[in-house]
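The values are calculated or read from the model by the stated rules, or taken from the named source; none is laboratory data. Quantities reported herein were computed from a predicted structural model and do not represent experimental measurements. Cβ: placed from backbone, ideal geometry, glycine included. Neighbour counts: every protein chain shown. Areas reflect the complete protein model, heavy atoms only, side chains present, ligands, DNA and RNA absent. Shrake-Rupley method; radii C 1.70, N 1.55, O 1.52, S 1.80 Å.
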Amino acid sequence: MREHSLVIPAPDQWGEGIVSIPKGKELDLEVRLESVHEGILVTGDVETEYEGECGRCLREIVQPVEVEFQELFEYPGGETTDFEVQDDHVDLETLVRDAVVLSLPFQPVCQPDCPGLDPATGERLAPGTGSPQQEPLDPRWAALRELTDQDGSADTAAPNTEES
């Protein structure tokens with residue numbers, strides 16, 4: 001068994017969505033290689049940061065990501081496998097890239113309660129405001145609004161003086 005701690009740059013941009021790992025970003029790898037009967041069992045974790053945009057308010061974000069992985073690299077033989085030992089070496093790039101890219105969020109947010117953008121103006125909403133105070137009223141419903149306003153004012157203006 002061998003254990004290795006490595007800090008290497010990402011060889012390419014990993015990920016194609018709203019967020020990705022940029023080329024050259026540091027990857028902190030902790031890897032344990034164990035010899036087993038079928039091949040070499042690789043267990044480890046990788047820590048790095050992804051960069052991109054918030055899916056709600058479009059702010060730039062940088063968030064940490066930590067992924068654990070484990071894979072058996074089989075000795076060359078009769079069956080073709082995805083991961084094989086080649087010339088007494090194991091190539092971890094595909095394994096680490098797949099693990100990191102699959103852990104990236106589909107809808108990243110800058111904070112869990114990000115209110116997003118105002119649908120009418122396109123401006124960022126301040127935290128805590130949520131949505132606009134009053135939605136614009138369709139002019140076809142304006143007459144009903146006036147009726148409800150009149151009924152509400154009549155009920156509060158005249159107290160009920162009827163006796164049973």
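Values computed for the structure shown
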{"read-out": "Residue satisfying all of: in the stretch 45-88; polar (S, T, N, Q) and open to solvent by less than 80 Å² (accessible area, probe 1.4 Å); farthest from the chain's Cα centre (by Cα) among these", "value": "81"}
{"read-out": "Pairs, first free of Cβ contacts under 8 Å to residues at least 60 places away in the same chain and hydrophobic (A, V, I, L, M, F, W, C) in the stretch 98-111, second open to solvent by 60 Å² or more (accessible area, probe 1.4 Å) and in a loop (DSSP other than H, G, I, E, B), C-beta under 8 Å, six or more apart", "value": "109/56; 110/56; 110/59"}
{"read-out": "Identity of the residue in the stretch 3-44, touching a residue at least 60 places away in the same chain (Cβ under 8 Å) and assigned to a strand (DSSP E or B), that ends up nearest to the chain's Cα centre (by Cα)", "value": "19"}
{"read-out": "Scope the stretch 89-107; condition surrounded by 12 or more Cβ atoms within 10 Å (Cβ to Cβ) and aliphatic (A, V, I, L, M); matching residues", "value": "90, 92, 95, 96, 99, 100, 101, 104"}
{"read-out": "Test for residue 41: is it open to solvent by less than 90 Å² (accessible area, probe 1.4 Å) and touching a His at 6+ places or on another chain (Cβ under 8 Å)", "value": "no"}
{"read-out": "Identity of the residue in the stretch 10-36, touching a Lys or Arg at 6+ places or on another chain (Cβ under 9 Å) and of a type in the set (A, V, I, L, M), that ends up farthest from residue 62 (Cα to Cα)", "value": "33"}
{"read-out": "Residue among 132, 115 that is in a loop (DSSP other than H, G, I, E, B), open to solvent by less than 80 Å² (accessible area, probe 1.4 Å) and modelled with pLDDT of 80 or more", "value": "115"}
